[in-house]
């Protein structure tokens, strides 16, 4: 497994950093020419992923979060790295969307949105420790959808 | 840092309605502001609420967690039937927020209005 190369946007993990990651995705996506609807989905997905790292990975402890977005052919690839404890997405219960709100447990929506709004979402241990989430959205450019 | 604020308005339709005008972005950092303010209004007697989202640019799942909690506070009967909320309505979400509402299935329970008067008269 090779570590993803290229410049990453890095911030200390905190809820205050979420808007900076969204801004990074907006700016980079516009520079790359990503379709605006796709870009809105990716902004949401990255916000959800970084929120999970802050709240469940680091659990309030300090640590870095790094995000990189790049074009690969007609696709957009986003990588999110952290140095938090190992994350097993299989341990996160799926949201019970078929239940009435009063009966529905809280939680699980972030991971559901990550999976729904991307074509691939691969969680894997990062070389050297931590986690890496690799997201792919296919046909992400105007005229390729 | 995400900016988010709430303006509270009281309106009179067939029932008194509290309108929370949400301004800014709702993420995991700002979600408690919404949830706490709504809970405070419900504790003070609000029974019917409109969340005016005209000025919300972004809302992630944290915002839906808050809406879920607000709905459960307002729905004192804890309806277990698959019925639409009689107590909470959404007004003017942008197309991106509305897409997430539908993706998470909240549109099955919460009416989405694009006219303030219609939202108020819907109670």
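Tell me, A:21, A:9 in order of fewest to most beta-carbon neighbours within 10 Å? Display every interim value, and only then the final one.
Numbers: A:21 22, A:9 17.
Ranking A:21, A:9 by Cβ neighbours within 10 Å, fewest first, gives A:9, A:21.
Ignore the peptide's own chain and count Cβ atoms of other chains within 10 Å of each Cβ in A:16-24; give me the average, rounded.
Working: counts 4, 3, 10, 10, 2, 1, 6, 0, 0.
So the per-residue partner count for this stretch is 4.
Under the definition of Cα pairs under 8 Å and six or more residues apart, what whole-number percent is the relative contact order of region A:16-145? Before the final figure, lay out the partial values.
Details: 195 pairs, mean separation 35.6, N = 130.
That works out to 27 percent.
Would you list A:99, B:89 from fewest to most Cβ contacts within 10 Å? Numbers along the way, then the final one.
On the way: A:99 13, B:89 23.
Final ranking by Cβ density, sparse to dense: A:99, B:89.
Per residue Cα convex hull volume for region A:24-75, in cubic angstrom? All intermediate terms of the calculation are to be shown ahead of the outcome.
Details: hull volume 4.0 nm³, N = 52.
About 77 Å³ per residue, rounded to a whole number.
Divide the volume of the convex hull of the Cα atoms of the protein assembly as shown by its number of residues and quote the answer in cubic angstrom per residue.
Working: hull volume 34.2 nm³, N = 268.
Roughly 128 Å³ of hull volume per residue.
Region A:30-62 to region B:7-77: how many Å between their Cα centroids?
Rounded to whole Å, the Cα centres lie 24 Å apart.
Tell me the Rg and the Dmax, in Å, that the Cα atoms of chain B produce.
13.1, 40
So if I take the alpha carbon set of region A:19-145, get Rg, then get Rh from the Kirkwood formula, what is the Rg over Rh ratio? Please report the intermediate quantities before stating the final value.
Values: Rg = 15.0 Å, Rh = 15.3 Å.
Rg/Rh for region A:19-145 comes to 0.98.
For chain B, set up a Gaussian network in which alpha carbons nearer than 10 Å are linked by springs, and say which option among B:85, B:54, B:95 fluctuates the most.
B:95
Each reported figure results from applying straightforward, stated rules to the coordinates on display, with no laboratory input. Since the model is a prediction, treat every value here as computed from it, not as a measurement. Note: ideal-geometry Cβ built from the backbone for every residue, glycine included; neighbour counts use all protein chains shown.
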